[in-house]
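So the structure is just underneath, and the comments pick up after that.
The values are calculated or read from the model by the stated rules, or taken from the named source; none is laboratory data. Bear in mind that the values here come from a model prediction, so they are computed numbers and not experimental data. As a convention, Cβ positions derive from the backbone with ideal geometry for all residues, glycine included, and neighbour counts pool all protein chains shown. These accessible areas exclude ligands, DNA and RNA; they are computed on the full protein's heavy atoms, side chains included. Shrake-Rupley method; radii C 1.70, N 1.55, O 1.52, S 1.80 Å.
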Amino acid sequence: QVQVVESGGGLVQPGGSLRLSCAASGINFSIYGMTWYRQAPGKQREWICDITNNGRKNYIDSIKDRFTISRDNAKKTMYLQMNNIQFEDTAVYYCRARFAEEDYWGQGTQVTVSS
(Lines give C-alpha, C1' and ligand atoms only; values in the text may rest on other atoms or scores of the structure.)
Protein backbone atom coordinates (compact mmCIF):
# COMPACT_ATOMS: atom_id res chain seq x y z
CA GLN A 1 0.00 0.00 0.00
CA VAL A 2 1.34 3.40 -0.98
CA GLN A 3 1.43 6.14 1.62
CA VAL A 4 2.66 9.70 1.37
CA VAL A 5 2.56 11.54 4.69
CA GLU A 6 3.49 15.12 5.46
CA SER A 7 4.56 16.31 8.89
CA GLY A 8 6.29 19.22 10.58
CA GLY A 9 3.68 21.94 10.25
CA GLY A 10 2.57 24.15 13.08
CA LEU A 11 2.30 27.65 14.41
CA VAL A 12 5.26 29.92 13.78
CA GLN A 13 6.02 33.62 14.20
CA PRO A 14 7.03 35.79 11.24
CA GLY A 15 10.72 35.39 10.58
CA GLY A 16 10.76 31.94 12.09
CA SER A 17 11.65 28.57 10.59
CA LEU A 18 10.06 25.18 10.10
CA ARG A 19 11.10 21.99 8.38
CA LEU A 20 8.39 19.98 6.69
CA SER A 21 8.85 16.32 5.86
CA CYS A 22 7.13 14.08 3.35
CA ALA A 23 7.64 10.39 4.03
CA ALA A 24 6.73 7.85 1.39
CA SER A 25 6.23 4.11 1.64
CA GLY A 26 5.22 1.43 -0.81
CA ILE A 27 7.04 3.04 -3.74
CA ASN A 28 10.52 3.02 -5.22
CA PHE A 29 11.07 6.53 -3.91
CA SER A 30 14.34 7.24 -5.70
CA ILE A 31 12.78 7.23 -9.16
CA TYR A 32 9.92 9.58 -8.29
CA GLY A 33 9.77 13.27 -8.92
CA MET A 34 8.67 14.99 -5.73
CA THR A 35 6.76 18.23 -5.43
CA TRP A 36 5.51 20.59 -2.73
CA TYR A 37 2.25 22.48 -3.17
CA ARG A 38 0.38 24.76 -0.82
CA GLN A 39 -3.15 26.03 -0.50
CA ALA A 40 -3.77 29.26 1.35
CA PRO A 41 -7.19 30.07 2.81
CA GLY A 42 -9.60 31.03 0.04
CA LYS A 43 -7.07 30.35 -2.71
CA GLN A 44 -6.33 27.59 -5.16
CA ARG A 45 -3.63 25.05 -4.53
CA GLU A 46 -0.35 26.21 -6.05
CA TRP A 47 2.91 24.54 -6.98
CA ILE A 48 5.81 25.98 -4.99
CA CYS A 49 8.81 23.76 -5.67
CA ASP A 50 9.94 20.38 -6.91
CA ILE A 51 12.94 18.10 -7.01
CA THR A 52 13.54 15.58 -9.76
CA ASN A 53 14.77 12.05 -9.25
CA ASN A 54 18.29 13.24 -10.12
CA GLY A 55 18.15 16.18 -7.71
CA ARG A 56 17.35 19.12 -9.94
CA LYS A 57 15.32 21.74 -8.06
CA ASN A 58 12.81 24.37 -9.13
CA TYR A 59 11.11 27.06 -7.05
CA ILE A 60 8.38 29.61 -7.39
CA ASP A 61 9.88 33.09 -7.12
CA SER A 62 8.11 33.99 -3.86
CA ILE A 63 10.00 31.33 -1.89
CA LYS A 64 13.23 30.99 -3.86
CA ASP A 65 15.49 32.75 -1.36
CA ARG A 66 13.79 31.44 1.76
CA PHE A 67 12.81 27.80 1.27
CA THR A 68 14.96 24.82 0.33
CA ILE A 69 13.71 21.51 -1.02
CA SER A 70 15.73 18.36 -0.55
CA ARG A 71 15.35 14.61 -0.52
CA ASP A 72 16.92 11.62 1.20
CA ASN A 73 16.32 8.57 -0.93
CA ALA A 74 17.62 6.20 1.72
CA LYS A 75 14.94 7.47 4.12
CA LYS A 76 12.32 7.81 1.36
CA THR A 77 11.68 11.32 2.57
CA MET A 78 11.50 14.77 1.03
CA TYR A 79 11.99 17.94 3.04
CA LEU A 80 11.10 21.59 2.83
CA GLN A 81 13.27 23.84 4.97
CA MET A 82 11.33 27.06 5.46
CA ASN A 83 13.26 30.09 6.72
CA ASN A 84 12.18 33.69 7.27
CA ILE A 85 8.56 32.59 7.15
CA GLN A 86 6.04 35.34 6.36
CA PHE A 87 2.31 35.79 6.96
CA GLU A 88 1.61 34.93 3.33
CA ASP A 89 3.13 31.49 3.85
CA THR A 90 0.12 30.44 5.92
CA ALA A 91 -1.33 27.46 4.08
CA VAL A 92 -1.80 23.74 4.03
CA TYR A 93 1.31 22.20 2.50
CA TYR A 94 0.98 19.09 0.37
CA CYS A 95 3.51 16.76 -1.17
CA ARG A 96 3.13 14.82 -4.36
CA ALA A 97 5.06 11.85 -5.72
CA ARG A 98 4.95 11.16 -9.45
CA PHE A 99 6.48 8.65 -11.81
CA ALA A 100 4.99 7.92 -15.20
CA GLU A 101 1.30 7.20 -14.60
CA GLU A 102 1.73 6.85 -10.84
CA ASP A 103 0.66 9.90 -8.89
CA TYR A 104 0.28 10.08 -5.12
CA TRP A 105 -0.67 12.96 -2.81
CA GLY A 106 -0.40 13.38 0.90
CA GLN A 107 -3.13 14.75 3.15
CA GLY A 108 -1.31 17.95 3.94
CA THR A 109 0.19 19.67 6.95
CA GLN A 110 -0.95 23.06 8.22
CA VAL A 111 1.48 25.97 8.58
CA THR A 112 0.09 28.99 10.37
CA VAL A 113 2.07 32.20 10.70
CA SER A 114 0.98 34.44 13.53
CA SER A 115 2.55 37.00 15.80
Report the accessible area of Lys75, computed with a 1.4 Å probe over the heavy atoms of all protein chains in place, in Å² rounded to the nearest 10.
140
For the chain, what is the accessible area per residue in Å² when the probe is 1.4 Å?
54
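Accessible area of the chain with a 1.4 Å probe: how many percent of it is carbon plus sulfur?
Numbers: 2750 of 6200 Å².
Roughly 44 percent of what the probe reaches on the chain is carbon or sulfur.
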Per-residue HN-Hα couplings for region 61-72 [Karplus 6.51, -1.76, 1.60; θ = phi - 60°; Hz; x = Gly/Pro]:
4, 5, 10, 3, 9, 10, 10, 10, 9, 8, 8, 10
Which of the cysteines in the chain are isolated, no other cysteine C-beta under 4.7 Å?
Cys49
In whole Hz, with x marking every Gly and Pro, tabulate ³J(HN,Hα) for region 99-115 from phi via Karplus 6.51 cos²θ - 1.76 cosθ + 1.60, θ = phi - 60°.
8, 6, 8, 8, 8, 10, 10, x, 8, x, 9, 7, 10, 10, 9, 8, 9
Spatial extent of the chain: Rg and Dmax, with the Cα atoms as the point set, Å
13.4, 43
Below 16 Å, Cα to Cα, which aspartates and glutamates can Lys57 reach? Residues fewer than 8 away in the same chain don't count.
Asp65, Asp72
By a straight-distance test (C-alpha under 18 Å), which aspartates and glutamates pair with Lys64 as possible cross-link partners, with residues fewer than eight away in the same chain excluded?
Glu46, Asp50, Glu88, Asp89
